[in-house]
Amino acid sequence: MGLKGDLTTMALEDVLQWLAVGKKTGILELHGFLHSKRVSFAGGRISGVWSTDPREYLGQYLLAFNRITEEQLREALASQEDENQLLGRILVNRQLVTEAEIRRIVQLKVDESLYDAFLWEFGTFEFFDGAAPPQKAMLLSLDVTGIVLEGARRVDEWKRIKKVIWSGDAVVEAVPEAIAEQLPLVPQDADVLARLNGTKTLDQLVIEMRATDFKIHKQVFDLHEKGLIRVVHPGGRIGEYSGLHLQRARRMVEQEMLKEAQVELRKLLEEEPDLPEAVRMLDVVDHMLGDTQVDENLVLELAVSLDDLMQASLGPNEAFLATRANGVWTVKDIISIAPFTHEECLTIFSKLLKRGILKGQAPAQESARPQARPN
């Protein structure tokens, strides 16, 4: 027996509990604005989660915990196809992490991926009874009850946070005199405070620290409650109008009505130009329509000075990708370590190349390859 519906009419916690009580085995698919998740069940317990959101990939979590470097991740991913093994296994074989670390981080990323879905304002779900998880996967056995309780708690916390911090383009700054009175600070608070400069948005902080939206918003909110930071700008309020238009655009994409989705998103961005969900979805739609073409074998490097780059008014995602253009890595290399979708990365690279911020050239082995002689 399957189950299908809308998360606005049947809440995620009710879906998960229904599957747990019925001791179901199969795959639950969740579809949000930009990303989808697949949750595998075995006898009513959660055995794994797979997400299309690159921020939820194992490699991003390992980078966030400083367990590997971007170069080590890129090399491991480059060899993954040849070795035909899971990323975690490759890293363990190279003695970069231990089995215990991989299992701990995999469980953490499964938990966080599910908690993120609790915060979706809109979404759909469908359960495929009896469907099997991917053959090559590290499977767990997690009780639904604990996840539902924590998910519900985060929903309540999120509502409190949104009264102070409206969205990811919010800007906060440290209050030095208050910090001086509360020294010494716990390392987590000190780390966040050291990164604030009065202009950095929370979206930038999320990318910089490779953390989840909830984690950064919660940390900043707690620091605000302690009086250690002040809100410079709360961000653009995302209301019902935005949500409904985003939901409609997503459905157009699913129905392959790409031109219509493009018009819908551009209209929405005229009203709210800094709405990150709409910007990112439009990048995906533009790429699907073929508006951006970039050779993934190009080796990228900066075409401007670092000073000029700082003055280029780049968005946080654009700045992340631009600063990885080192004259050695290809477009494909940079995409492999980026916490953004493949389509979004290609769209950004296309824009940066057209603006003259980046320049590209063929890899050395290609440019050195002798030209074929005419017959």
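Structure above, values below:
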quantity	calculated
Set of aspartates and glutamates with alpha-carbon distance to residue 267 below 17 Å, sequence-local pairs under 8 removed	240, 277, 283, 286
Lysines with Cα under 17 Å of residue 359, excluding same-chain neighbours fewer than 8 positions away	332, 351
Label-to-label distance, nm, for residues given as residue 304 and residue 9 (7 Å Cα→Cβ offset)	4.9 nm
Burial ordering of 143, 169, 307, fewest other beta-carbon atoms within 10 Å first	307, 143, 169
In sequence order, calculated HN-Hα J values of segment 110-115 (Karplus, 6.51, -1.76, 1.60; Hz; x Gly/Pro)	5, 4, 5, 5, 5, 4
Relative counts (whole %) of C-alpha pair distances in the chain, using bins that are 10 Å wide	4, 20, 30, 29, 13, 3, 1, 0, 0
Relative contact order computed over segment 165-310 (Cα-Cα under 8 Å; 6+ residues apart), in percent	25 percent
Per-q log10 I(q)/I(0), segment 240-288, q = 0.16, 0.29 Å⁻¹ (Debye; single scatterer per alpha-carbon; no solvent)	-0.34, -1.14
Whole-Hz ³J(HN,Hα) from phi, Karplus 6.51 cos²θ - 1.76 cosθ + 1.60, for segment 74-83, glycine and proline x	4, 5, 5, 5, 5, 8, 4, 5, 5, 7
Reachable lysines, given that their alpha-carbon falls under 19 Å from the alpha-carbon of residue 200 and they are not under 8 places away in the same chain	162, 215, 218
Cα Rg, Dmax, segment 127-182, angstrom units	20.2, 59
For segment 96-239, radius of gyration divided by Kirkwood radius, i.e. Rg to Rh on alpha-carbons	1.04
Separation of the residue 323 and residue 18 label points, Cα + 7 Å toward Cβ, nm	4.5 nm
Segment 280-357: relative contact order as a whole-number percent, Cα under 8 Å and 6+ apart	48 percent
Relative contact order, percent, the chain [alpha-carbon distance under 8 Å, six or more residues apart]	17 percent
Convex hull per residue volume in Å³, alpha carbons only, for segment 299-366	79 Å³
Euclidean distance of C-alpha centroids, segment 1-68 and segment 105-169, integer Å	7 Å
Phi to ³J(HN,Hα) by Karplus 6.51 cos²θ - 1.76 cosθ + 1.60 over segment 17-31, Hz, x for Gly, Pro	5, 4, 5, 5, 4, x, 6, 6, 10, x, 10, 9, 9, 10, 10
Quarter of Cα convex hull surface for segment 163-233, i.e. mean projection, nm²	4.2 nm²
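Every number in this text was worked out from the coordinates using simple rules, so none of it is lab data. Since the model is a prediction, treat every value here as computed from it, not as a measurement. Positions of Cβ are backbone-derived with ideal geometry, glycine not excepted, and every protein chain shown enters the neighbour counts.
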